[in-house]
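Novice: My structure is below; once you've seen it, I'll send some questions.
The values are calculated or read from the model by the stated rules, or taken from the named source; none is laboratory data. Just so we're clear, the structure is a prediction, and the values are computed from it rather than from any experiment. No Cβ is skipped: glycine too gets one built from the backbone with ideal geometry, and neighbour counts run over all protein chains shown.
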Amino acid sequence: MFTKIDEAPLRRGEGGGLTPDGDGWFIVNVADARALHTERFGDGCRFEGESRFPEFAINVSVLRPGQPASLYHREDAQETFLVLSGECLAIIEEQERPLRAGDFVYTPAGTAHVFVGAGDGPCAVLMAGTRKPSEEILYPVSEMAARYGASVERGTASPEEAYGGSGGSWSKPEYTTLGPVL
């Protein structure tokens, strides 16, 4: 049976961005939401507070030319991507495809991929995917992704090992907002 869902209040988190404080529905502008910043992997707004969304992941990533969004990887969840502004490259199963604002990409579960900023300025990409109780991920070696600093040297299923010496990985981000970069 369904019951009324209360609004989750927003609070200013580390770096000044807004995050939901507890469960419930909420509305927040992407420019005002708490975002993560790393020199290597750009800026990303995940919209989540202390707890993750249980059924899906969604974020907006802002990448500068040549900047990867992550390391080349494959996971057991389907994902979708929509380029909101600017240009980027999609490296999917060792194939490189240029993308521009309005381009949509779907990757079934198990598809190896990474996105890299391109063009003359930053690009913004909306990324969404399903979440499963037991997430599996693999970081394979990719010659094409390595051209952009987006490949591991040795394949691994461990995010800690993959990002271990990445210098500014998502595991140690600075918090900010996307307001200045959008």
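Novice: Only one of Arg46, Arg64, Arg52, Arg74 is closer than 18 Å to Gly129 by Cβ and modelled with pLDDT of 95 or more. Can you tell me which?
Specialist: Arg74
Novice: Asp43 is checked against (1) of a type in the set (Asp, Glu); (2) closer than 30 Å to Gly15 by Cβ; (3) surrounded by fewer than 21 Cβ atoms within 10 Å (Cβ to Cβ) and fails just one. What number does that condition carry?
Specialist: (3) is the only condition that Asp43 fails.
Novice: Next question. Please list, ordered by first then second residue, the pairs with beta carbon atoms under 6 Å, 6 or more apart or interchain, first in segment 109-132 and touching a residue at least 12 places away in the same chain (Cβ under 8 Å), second acidic (Asp, Glu) and buried (at least 16 other Cβ atoms within 10 Å of the Cβ).
Specialist: From residues that are touching a residue at least 12 places away in the same chain (Cβ under 8 Å), the pairs are Ala118/Glu87; Gly119/Glu87; Cys123/Glu87; Gly129/Glu79.
Novice: To continue, here is another question. In segment 1-18, which residues are modelled with pLDDT of 95 or more and surrounded by 18 or more Cβ atoms within 10 Å (Cβ to Cβ)?
Specialist: Leu10, Leu18
Novice: What's the total number of residues in segment 101-114 that are of a type in the set (A, V, I, L, M, F, W, C) and outside any loop (DSSP other than H, G, I, E, B)?
Specialist: 3
Novice: What number goes with the only condition from (1) under 17 Å from the mean Cα position of the chain (by Cα); (2) over 27 Å from Phe53 (Cα atoms); (3) not in a loop (DSSP other than H, G, I, E, B) that Pro98 does not pass?
Specialist: (1)
Novice: Turning to a different aspect of this structure: Name the residues in segment 70-95 that are in contact with a Leu (Cβ under 9 Å, 6 or more places away or on another chain), more than 14 Å from Gly110 (Cβ to Cβ) and in a strand (DSSP E or B), would you?
Specialist: Of everything in segment 70-95, those that are in contact with a Leu (Cβ under 9 Å, 6 or more places away or on another chain), more than 14 Å from Gly110 (Cβ to Cβ) and in a strand (DSSP E or B) turn out to be Thr80, Phe81, Leu82, Val83, Leu84, Ser85, Glu87, Cys88, Leu89, Ala90.
Novice: Let me ask something additional. Every residue in segment 9-59 that is more than 27 Å from Gln78 (Cβ to Cβ) and either of a type in the set (A, V, I, L, M, F, W, C) or touching a helix residue (DSSP H, G or I) at 6+ places or on another chain (Cβ under 6 Å) (or both), please.
Specialist: The answer is Leu10, Leu18, Ala31.
Residue-by-condition table, conditions (1) part of a strand (DSSP E or B); (2) among the hydrophobic types (A, V, I, L, M, F, W, C); (3) in contact (Cβ under 8 Å) with a residue 40 or more places away in the chain; (4) out of contact with any Lys or Arg (no Cβ under 6 Å at 6 or more places or on another chain):
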| position | (1), (2), (3), (4) |
| --- | --- |
| Asn29 | no, no, no, yes |
| Ala35 | yes, yes, yes, yes |
| Asn59 | yes, no, yes, no |
| Gly66 | no, no, yes, yes |
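Novice: For segment 115-152, give me the residue count where each residue is farther than 16 Å from Glu94 by Cβ and either assigned to a strand (DSSP E or B) or at pLDDT 95 or above (or both).
Specialist: Counting residues in segment 115-152 that are farther than 16 Å from Glu94 by Cβ and either assigned to a strand (DSSP E or B) or at pLDDT 95 or above (or both) gives 16.
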